[in-house]
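In what follows, a single structure is set out as structure tokens and then discussed.
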Amino acid sequence: MAARIIDGLKIAAQMREQCRYRIRDLQRHAETVPGLAVIIIGSDPASLIYVRNKLRACQTVGIRSELFDYPIDVAQDTVLSRIELLNSDPGIHGILVQLPLPPHFDMALVLRTISPQKDVDGFHLYNVGALVVGNTVFPPCTPFGVVKMLEHEKIALEGKNVVVVGASNIVGKPMALMLMQRDATVSICHAKTRDLAQFTILADVLVVAAGKPSLIAPQMVRTGAVVVDVGINRLPDGRLVGDVDFDGVRAKASAITPVPGGVGPMTVTMLLVNTIASAERAARLNDPARSNDVRTGA
Ligand code: NAP
């Protein structure tokens, strides 16, 4: 029987409804509107699309967004100064710098200039460390979205064999940590893994984030596995596909995320959730009487 398709658009829509409710609550009780600043440098077409989607998503739930759009040859100091101004702006609760950055930028420096209290992408070293010790402040949006999807689908993780294909700082590594915190037994594979299939075949839950179309063939997947495809690849004919042979694997898996319409909409939604959680924290700090009724993004 073909696997159930996990509908990321539908789950994201439900979560965005909760976002609207939380924003109304913040406005009513703390007179706060969450604010997100987005910085983009250059005009990489994919980055422009991602930024446009993020700004549009903010608008749909009622987050105020500000775009800072710099030419590719902007001086790094100009961007660092802007981040410092935003760090001290009480109307801004989240700061996002769209990656990748031009080659003359020091990405690590840019990311650590963002205040950890406003680092809604979760890439600042402080937030990475907090994730490692299990005390997440802002969970990185893509793995956070995957975890929320699995929770929504009531897919248990405790004691399960989970294999993560891809070990990047943005997706694979934080994904593995978040799954481990949910008591899964996690294996991480990467480009130098020998015989990838010997790992993937053992997975009760397989999460793939490699950026390689058709990397995961049906014979690499255990019958009944849950398959989460994080990959986004544009084929020469213009089609958007993930890393998994969707039709072949769907015949074997018990549940599978599509591309598009799977993890992508969740990623953007978790950015909204993190921004709202940040505004809620700020409201709590400004009003100690509310200190017990603030939800966090995690
Ligand atoms: P990345 O930085 O390029 O990392 C890719 C990872 O996959 C690396 O760890 C690499 O191994 C590993 N890998 C590459 N080829 C492999 C192979 N043949 N077998 C096993 N592992 C392999 O990419 P990323 O930023 O993590 O993104 C991964 C994919 O997810 C991309 O398609 C990206 O577009 C997509 N993505 C989607 C969303 C979303 O919202 N849906 C969000 C972020 C990213 P090494 O470490 O050994 O090089």
Exercise for the section: Give me the angle, in degrees from 0 to 90, between the Cα long axis of helix 263-286 and the longest principal axis of the Cα atoms of the chain, rounded to the nearest 10. Expected result: 30 degrees
Handout entry: Of Lys160, Lys192, Lys54, the one that fluctuates the most in a GNM where the chain has Cα springs shorter than 10 Å
Key = Lys192
Completion exercise
Ranking Val259, Pro213, Val97 by how far each Cα lies towards the positive end of the charge dipole of the chain (+1 on Lys and Arg Cβ, -1 on Asp and Glu Cβ), the top one is Val259
Fill in the blank from the handout: Row for the range 119-160, column shape: gyration tensor on C-alpha, a ≥ b ≥ c, rounded if a/c < 1.5 i.e. under 1.5, prolate if a/b over b/c, else oblate; value oblate
Completion exercise
Excluding ligands, DNA and RNA, the carbon-plus-sulfur percentage of the accessible area of the range 1-67 with a 1.4 Å probe reads 53 percent
Practice task
Set the Förster radius R0 to 35 Å, insert the Cβ-Cβ distance between Val132 and Ser254 as r into 1/(1 + (r/R0)^6), and round the FRET efficiency to 0.05.
Solution key: 0.65
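Rounded if a/c is under 1.5, else prolate if a/b is larger than b/c, else oblate: which is the range 1-107, with a ≥ b ≥ c the root eigenvalues of its Cα gyration tensor? Don't skip to the end; give the middle numbers.
Numbers: a/c = 3.06, a/b = 1.28, b/c = 2.39.
Because a/c hits 1.5 or more and a/b fails to exceed b/c, the range 1-107 counts as oblate.
If you take the beta carbon distance between Leu109 and Thr60 as r and set R0 to 30 Å, what does 1/(1 + (r/R0)^6) give as a FRET efficiency, to the nearest 0.05? If you can, show how the numbers build up before the last one.
Values: r = 33 Å, r/R0 = 1.10.
Calculated value: 0.35.
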Completion exercise
Helix-only [θ] at 222 nm, the chain, -39500 (n - 2.57) per DSSP H run of 4+, per residue, nearest 500, equals -13000 deg cm²/dmol
Practice task
Skip the ligands, DNA and RNA, and give the accessible area per residue of the chain with a 1.4 Å probe, whole Å².
Solution key: 47 Å²
Handout entry: Candidate aspartates and glutamates for bridging to Lys212, where Cα separation is under 18 Å - those fewer than 8 sequence places away on the same chain excluded
Key = Asp195, Asp229, Asp237, Asp243, Asp245, Asp247
Exercise for the section: List the relative contact order of the chain as a percent without decimals, with contacts defined as Cα pairs under 8 Å and 6+ residues apart. Expected result: 22 percent
Practice task
Among the lysines, select those whose C-alpha is under 20 Å from the C-alpha of Lys252, and discard any that sit fewer than 8 residues away in the same chain.
Solution key: Lys154, Lys160
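Given +1 on the Cβ of Lys and Arg, -1 on the Cβ of Asp and Glu, and no further charges, what dipole in debye does the chain carry about its Cα centre, rounded to the nearest 20? Working shown, then result.
Details: 31 positive and 28 negative charges, 127 e Å.
Using Cβ point charges on Lys, Arg, Asp and Glu, the chain gives about 600 debye.
Suppose the chain between Ala2 and Asn286 were pulled fully straight at 0.36 nm per residue; how much longer would it get relative to their current alpha carbon spacing? Walk me through the numbers before you get to the answer.
Details: separation 284, 0.36 × 284 = 102.24 nm, distance 5.19 nm.
So the extension gain works out to 97.0 nm.
So how much slack lies between Thr185 and Leu67, counting 0.36 nm per residue of separation and subtracting their Cα-Cα distance, in nm? Before the final figure, lay out the partial values.
Numbers: separation 118, 0.36 × 118 = 42.48 nm, distance 4.07 nm.
Extra length available between Thr185 and Leu67 comes to 38.4 nm.
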Exercise for the section: With everything on Cα atoms, drop me the angle between helix 76-87 and the longest principal axis of the chain, reported from 0 to 90° to the nearest 10. Expected result: 70 degrees
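So between Arg20 and Leu235, what do we pick up on full extension, going 0.36 nm a residue minus the alpha carbon distance? Intermediate values should be presented prior to the final figure.
Details: separation 215, 0.36 × 215 = 77.40 nm, distance 3.59 nm.
Gain on stretching Arg20 to Leu235: 73.8 nm.
Is the shape of the chain best called rounded, prolate or oblate, per the rule: a/c under 1.5 gives rounded, else a/b larger than b/c gives prolate, else oblate, with a ≥ b ≥ c the square roots of the Cα gyration tensor eigenvalues?
Working: a/c = 1.84, a/b = 1.46, b/c = 1.26.
Here the chain falls in the prolate category.
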Exercise for the section: At a Cα cut-off below 13 Å, give the aspartates and glutamates reachable from Lys10, other chains included and same-chain residues fewer than 8 away excluded. Expected result: Glu153
Practice task
Give me the percent of Cα-Cα pairs in the range 61-178 that sit more than 18 Å apart, rounded to a whole number.
Solution key: 58 percent
Practice task
Could you work out which residue, out of Thr78, Thr223, Thr269, moves most in a Gaussian network model of the chain, that is, has the largest mean-square fluctuation with Cα springs under 10 Å?
Solution key: Thr78
Handout entry: Candidates Gly172, Gly264, Gly159: whichever shows maximal mean-square fluctuation once the chain is modelled as a Gaussian network with Cα springs under 10 Å
Key = Gly159
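If you place +1 on the Cβ of every Lys and Arg, -1 on the Cβ of every Asp and Glu, and leave all else neutral, what size is the dipole of the range 148-285 about its Cα centre, to the nearest 20 Debye? Spell out each step's value before the answer.
On the way: 15 positive and 12 negative charges, 48 e Å.
It comes to approximately 240 debye.
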Fill in the blank from the handout: In degrees, nearest 10, the alpha-carbon axis of helix 141-152 is tilted away from the dominant principal axis of the alpha carbons of the chain by 60 degrees
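Longest segment of the chain with no GluC sites (Glu not before Pro) in a DSSP loop having at most 10 other Cβ atoms within 10 Å? Don't jump to the answer; show the numbers that get you there.
Details: sites that count: Glu31, Glu158.
Between the exposed loop sites, the longest stretch runs 159-298.
Heavy atoms only, probe 1.4 Å: what % of the accessible area of the range 155-298 goes to carbon and sulfur, would you let me know? Spell out each step's value before the answer.
Values: 3500 of 6460 Å².
Carbon with sulfur: 54 percent of the solvent-accessible area.
The values are calculated or read from the model by the stated rules, or taken from the named source; none is laboratory data. All values reported here derive from a predicted model rather than from experimental measurement. Every residue, glycine as well, gets a Cβ built from its backbone with ideal geometry; the counts of neighbours run over all protein chains shown. To get the accessible areas, we keep the full protein, side chains included, count just its heavy atoms, and leave off ligands, DNA and RNA. Shrake-Rupley method; radii C 1.70, N 1.55, O 1.52, S 1.80 Å.
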